[in-house]
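Right, one structure below, let's go through it.
Here, each number is a calculation from the coordinates, and none is a lab measurement. Because the structure is predicted, anything quoted here is derived from the model rather than measured. Ideal geometry is used to build each Cβ from the backbone, glycine not excepted, and the neighbour counts take in all protein chains shown.
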Amino acid sequence: MTGDAIDAVRIALYYTLLLATPVLGVGLIVGLVVSLVQAVTQVQEQTLSFVPKIIAMLLASILLLAWMVAQISDFAVEMFTAP
């Protein structure tokens, strides 16, 4: 019984990482590029980095929505069909 709960948590964490990684990766890359541009142009505005990251992460979420729904469906099927 305890092993089943641990397996369920392990699978849930796996799918959480699988779904979050692409969106967070896009945010990381855009944040790095914006920081590099800020360093080169010496524009040190704190709020300048947030807007491009939010827009890029939102676009990545929209573009990956079908894949994310398929992954969540696989997770649901795996959870409900477990013995």
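Going residue by residue through the stretch 38-50, is there one that turns out to be touching a Pro at 6+ places or on another chain (Cβ under 7 Å) and surrounded by 10 or more Cβ atoms within 10 Å (Cβ to Cβ)?
No, because not a single residue in the stretch 38-50 is touching a Pro at 6+ places or on another chain (Cβ under 7 Å) and surrounded by 10 or more Cβ atoms within 10 Å (Cβ to Cβ).
Checking Thr2 against (1) loosely packed, with under 10 Cβ neighbours inside 10 Å; (2) more than 30 Å from Thr81 (Cβ to Cβ); (3) among the polar types (S, T, N, Q), which test does it fail?
Here Thr2 clears every test but (2).
Quick check: anything in the stretch 40-58 closer than 30 Å to Met79 by Cα and either in contact (Cβ under 8 Å) with a residue 40 or more places away in the chain or in a helix (DSSP H, G or I) (or both)?
There is at least one residue in the stretch 40-58 that is closer than 30 Å to Met79 by Cα and either in contact (Cβ under 8 Å) with a residue 40 or more places away in the chain or in a helix (DSSP H, G or I) (or both).
Any chance you could count how many residues in the stretch 27-48 are of a type in the set (Gly, Ala, Ser) and more than 23 Å from the chain's Cα centre (by Cα)?
Going through the stretch 27-48 one residue at a time, the tally reaches 1.
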